[in-house]
Amino acid sequence: MPLVDLKVWRGDDNGEYISYLVEYDEGEVILDVVHRLQSTDAQDLAVRWNCKAGKCGSCSAEVNGKPSLMCMQRMVNFTPGEEIIISPMKTFPLIKDLVTDVSWNYENARKVPAFSPKKVDTDGKHRMQQVDIERGQEFHQCIECYLCQDVCHVIRDHPENKDNFVGPRFFVQIASVNMHPLESASQKPSALYGFGLDYCNITKCCTEVCPAGIKITDNAIIPLKERLVDDKYDPVRWLGRIISKGKSGK
Amino acid sequence: MTDYEIEEHEYDVLVIGAGGAGLRAAIESLAFGCSTAIVCKSLFGKAHTVMAEGGMAAAMGNVYEEDNWKVHFRDTMRGGKMLNNWRMAQIHAQEAPDRVLELEEWGALFDRTEDGLILQRDFGGHKYARLAHVGDSTGLEMLRTEQQKAASLGIKVFSECTINRLMVDKKTNSISGALGYWREKGNLIKFKAKAIIIATGGLGKMYAITSNSWEGTGDGHAMAMMAGAEMVDMEFVQFHPTGMVWPPSVKGILVTEGVRGDGGTLRNSTDKRFMFNYIPEMFASETASTEDEADSWYEDHSLGRRTPDLLPRDEVARAINSEVKAGRGSPHGGVFLDIASRRSPEYIQKRLPSMYHQFKQLAGVDITKEPMEVGPTCHYAMGGIKVNAETAQSSVNGLFAAGEVAGGLHGANRLGGNSLSDLVVFGRRAGKGAADYAKNTESFLPIDQIEIDKAIQNMMMPFDNSNGENPYTIHKELQDSMQKLAGIIRTEEELVQMLSKVEDLKKKMLSVTVEGNRWFNPGWHLALDLEFMLTNAESLVRAAIERKESRGGHTRDDYPEASKKFGEINFIIKQVNGSIKVEPRQSDSMPDELAELFKDK
Ligand SMILES: Cc1cc2nc3c(=O)[nH]c(=O)nc-3n(C[C@H](O)[C@H](O)[C@H](O)COP(=O)(O)OP(=O)(O)OC[C@H]3O[C@@H](n4cnc5c(N)ncnc54)[C@H](O)[C@@H]3O)c2cc1C
Ligand code: SF4
Ligand code: SF4
Ligand code: FES
């Protein structure tokens with residue numbers, strides 16, 4: 001079996017990269033090689049995984065600096081003897097080795113307004129046309145790998161923005177509720193305030209790394225931004241917002 | 001012994017597992033006003049359910065009006081070779097459609113029919129197109145929908161927290177709580193609970209070739225049995241006929257039955273559609289006998305009988321096994337699954353996007369142009385905790401179970417799509433059952449400190465040991481031997497050999513030694529899971545030895561036929577004074593109006 005030179009981050013913030021020579025097979029993916037390392041020379045190596053098929057979004061890391069799923073990176077794409085550097089995602093606090101604390105994402109998930117459906121038809125069923133749900137189905141493909149969150153410069157370079165910016169993954173979720181054909185409250189742009197949409201300057205880095213192929217910027221963020229802009233210049237809605245703000249302020 | 005600090009919590013209802021079943025149970029228990037928490041080993045949203053592909057079976061009649069719960073019930077029982085708990089199968093068939101609509105009400109976006117209703121697809125063993133689905137990522141849709149519902153209700157989730165022991169009040173045979181550890185730091189955590197719902201999923205990780213993730217170590221099966229619960233049907237494990245076989249790293253990863261449901265067909269190395277040679281008598285009258293008939297059935301089910309490619313999974317897995325053994329396999333030891341020559345590239349990419357990407361990215365195969373290579377992979381545990389069909393309570397008071405970890409619904413073999421619906425039908429019932437129980441329980445039972453100390457000592461042992469084998473090596477030995485000695489085709493001789501292997505591995509486990517400390521240490525986590533895997537392996541093998549016949553997911557080379565006697569018996573597996581015992585129990589017979597459905601018309 002050929003050998004690969006794996007440089008893996010070990011430890012917490014005070015840790016270091018350690019080099020390991022690990023055997024591999026052409027048909028394998030990076031995660032297999034990491035697992036081989038784990039069962040031999042680094043038995044307490046911390047790494048997350050579940051499906052090994054790009055479906056669960058557990059094995060996110062940075063491979064040679066690029067945010068990726070380790071289970072979808074095939075070894076054939078590297079040249080034998082090449083050094084491969086594997087680092088934990090940078091945007092989240094490090095727990096140990098390749099495992100980071102992604103709890104910030106779960107906190108954001110609780111901020112997204114819940115879906116509230118329209119009434120069913122008289123026969124107790126909802127009717128929707130396939131064409132009308134396709135955008136929503138695209139958003140629902142999100143596997144919560146948080147690679148888009150990892151790559152977004154708004155928080156990667158400015159952790160202090162985390163309080164005011166939920167990040168691309170949650171723009172996708174907001175869009176998915178907002179554009180759901182059965183959402184009864186979707187016309188209310190007020191639901192779009194407070195998530196930090198205006199911090200995004202449409203660099204599209206999130207779309208580039210998304211393993212689920214979601215066009216995060218074009219299909220979620222830009223339409224949401226447009227709804228916000230429309231709302232700001234629509235005097236009736238603007239007035240409505242002032243009134244409702246006043247109400248909730250009581 | 002060292003004093004360990006233990007974090008403590010109290011909940012009316014504690015749900016162990018955040019898959020489709022656990023989430024549905026927690027939502028229900030909360031709705032009944034019980035304080036409820038969920039514990040899960042992985043991050044929230046990563047449970048096995050997220051990987052489910054093909055769909056969720058429910059007789060909604062959106063595609064074929066003729067469909068109704070009775071037909072679904074009949075299909076489920078026949079697929080399970082009549083060993084199913086009939087009442088569970090009835091409840092499941094009756095309630096599944098409402099549970100699908102409920103998911104839609106919570107935001108799920110299922111694929112649609114032309115008139116805007118939920119589209120249903122064909123799957124093995126189901127008479128009519130019945131699986132509500134979202135392309136080939138139905139589990140993701142279900143789990144996210146439930147996850148967001150749970151988040152909006154504010155249900156407390158302890159994620160990356162593993163339960164290692166259930167606590168029982170021996171005098172009253174009632175659940176009192178559970179002990180576990182946080183994966184992050186290895187700190188201990190104790191729950192007092194009036195009721196506990198086990199929803200820990202499957203146990204496939206004891207086999208070498210499996211579609212299950214690292215979580216599929218059957219913790220809930222083993223912990224419940226150790227706590228005194230009766231188990232049922234543990235000999236029945238489903239080998240899904242179509243797992244990937246190449247490249248080696250993806251061996252076992254699932255290829256959804258939806259490929260065949262949407263027109264794909266199995267072929268051997270001589271390009272023959274070999275399933276026509278493997279139609280069992282039980283299904284002969286409903287199965288197409290020629291390729292033309294099968295193909296017209298795809299167009300309209302009234303034009304012919306169903307294709308044998310969609311026989312129940314046990315039949316298809318055995319057929320593939322025989323073809324490979326007879327030397328008619330594919331280059332990497334499987335058979336071919338061809339949809340490329342039968343459907344347009346656009347159709348394939350639309351209906352099976354995740355299969356398309358999986359093969360493209362992991363095997364370099366374009367399934368719109370070439371056939372896939374597939375072979376059987378350990379997929380699903382039919383057996384599990386024996387539960388009451390109405391309430392989902394086990395034989396231990398206050399201990400409930402739902403989802404894959406519960407036994408009974410699927411009998412000797414599960415039909416595809418019947419798991420996702422099982423999760424929500426019985427998850428909901430378990431949530432209600434546990435809430436009712438908790439409400440009728442005045443106070444929390446005390447937890448026996450001696451049991452806690454014993455459990456802690458056991459958990460810390462791998463650090464105290466020295467010079468033992470490492471957990472990875474022991475695990476691999478278990479997987480390789482289970483695959484070889486207790487796989488798809490079994491014999492008494494090999495099963496007995498496996499039993500002594502288990503004894504041998506249990507000894508090794510006692511001296512298992514891990515590196516490092518308790519801080520996010522997968523080696524240690526695996527060392528603790530070994531106990532569960534070995535316990536389940538023993539239950540499985542002991543029951544498999546007793547079942548001297550072939551039925552569903554249990555095929556005996558030395559007893560190749562199904563026997564009438566065993567057709568009326570379920571094996572109950574339980575732990576008595578520390579050792580595992582198997583006892584035959586007469587299956588419940590169904591009422592006449594249901595039995596009527598099986599009279600051949
Ligand atoms: C690839 C694949 C495709 C499938 N496709 C289909 C399909 O199309 N249709 C269908 O009906 N079925 C399908 N199945 C089967 C179905 O997905 C599973 O049977 C089902 O999802 C199991 O759900 P569950 O809720 O019982 O458990 P899981 O979803 O497995 O969840 C188990 C939960 O328990 C937790 N847990 C386990 N042990 C512990 C512990 N000790 N302490 C704390 N938490 C613990 C885990 O962390 C997890 O949260 C498929 C399965 C696979 C693997
Ligand atoms: S497009 Fe916006 S959200 Fe996406 S990475 Fe760039 S700044 Fe971040
Ligand atoms: S949107 Fe894409 S990149 Fe972001 S979390 Fe979801 S799947 Fe990952
Ligand atoms: S392990 Fe599931 S995405 Fe990589």
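The values are calculated or read from the model by the stated rules, or taken from the named source; none is laboratory data. Note that the structure is a prediction, hence the values are computed from the model and not measured. Every residue, glycine as well, gets a Cβ built from its backbone with ideal geometry; the counts of neighbours run over all protein chains shown. Keep in mind that these areas ignore ligands, DNA and RNA; they rest on the heavy atoms of the full protein, side chains included. Shrake-Rupley method; radii C 1.70, N 1.55, O 1.52, S 1.80 Å.
A few remarks follow.
- Database remark: amide H of residue B:556 closer than 5 angstrom to the amide H of B:490, B:550, B:551 (H placed geometrically; neighbours at sequence offset of 5 or more, or on other chains; Pro and chain starts carry no H).
- Heavy-atom accessible area with a 1.4 Å probe sorts B:509, B:459, largest first, into B:509, B:459.
- Part-to-part distance (alpha-carbon centres) for region B:226-270 and region B:539-595, which is given in Å: 22 Å
- Helix B:353-363 and the longest principal axis of the C-alpha atoms of chain B enclose an angle of approximately 80°.
- Solvent-accessible area, 1.4 Å probe, carbon plus sulfur percent, for region A:3-100: 46 percent
- Note on residue A:118 and residue A:218: with the Förster distance fixed at 35 Å, the Cβ-Cβ geometry gives a FRET efficiency of about 0.85.
- Distance between the pseudo-spin-label points of residue A:12 and residue A:226 (7 Å out from Cα toward the beta carbon): 4.7 nm.
- Rg over Rh [alpha-carbon atoms, Kirkwood Rh] for the protein assembly as shown: 0.95
- What region A:3-100 shows is 35 Å² of accessible area per residue, with the surface traced by a 1.4 Å probe over protein heavy atoms.
- Gained length - residue B:558 relative to residue B:453, 0.36 nm times residue gap less alpha-carbon distance: 33.2 nm
- Set A:96/B:506; B:432/B:581; B:46/B:205 screened for pairs whose C-alpha atoms are more than 20 Å apart: A:96/B:506; B:432/B:581
- Annotation: per residue accessible area for region A:116-220 equals 43 Å², rounded to a whole number [probe 1.4 Å, protein chains only].
- FRET efficiency for residue B:332 and residue B:185, using Cβ-Cβ distance with R0 set to 51 Å, rounded to 0.05: 0.75
- Chain B: calculated mean residue ellipticity at 222 nm from DSSP helix runs of at least 4, using -39500 (n - 2.57): -11500 deg cm²/dmol
- A cut-off of 5 Å between modelled amide H atoms, ignoring neighbours fewer than 5 places along the same chain, links residue B:401 with B:198, B:394.
- Hull shadow area, averaged, region A:3-100 [alpha-carbon convex hull, nm²]: 5.6 nm²
- Chain-alone versus full-assembly comparison, region A:35-51, residues with accessible loss of at least 10 Å² (1.4 Å probe): A:38, A:39, A:43, A:44, A:46, A:47, A:48, A:49, A:50, A:51
- Taking the Cα atoms of chain B, the ratio Rg/Rh between the radius of gyration and the Kirkwood radius comes to 0.95.
- As a calculated quantity, the FRET efficiency between residue B:347 and residue B:583 at R0 = 45 Å, using C-beta atoms, amounts to about 0.30.
- With a Cα cut-off of under 27 Å and a minimum spacing of 8 residues unless on different chains, the lysine pairs in region B:148-195 number 13.
- Distance between the modelled labels on residue A:76 and residue B:467, one decimal in nanometres: 4.7 nm (7 Å Cα→Cβ projection).
- At the residue level, residue B:130 shows approximately 0 square angstrom of accessible surface with a 1.4 angstrom probe and all protein chains present.
- Centroid-to-centroid, using Cα positions, region B:318-382 and region B:119-185 are 29 Å apart.
- Amide hydrogen neighbours beyond the local backbone of residue B:243, cut-off 5 Å, H modeled: B:255, B:375, B:377
- The alpha-carbon of residue A:204 sits under 16 angstrom from the alpha-carbons of these lysines, leaving out residues fewer than 8 places away in its chain: A:66, A:215, A:225.
- Averaged over the residues of peptide B:153-160, the number of Cβ atoms from other protein chains lying within 10 Å of each residue's Cβ is 1.
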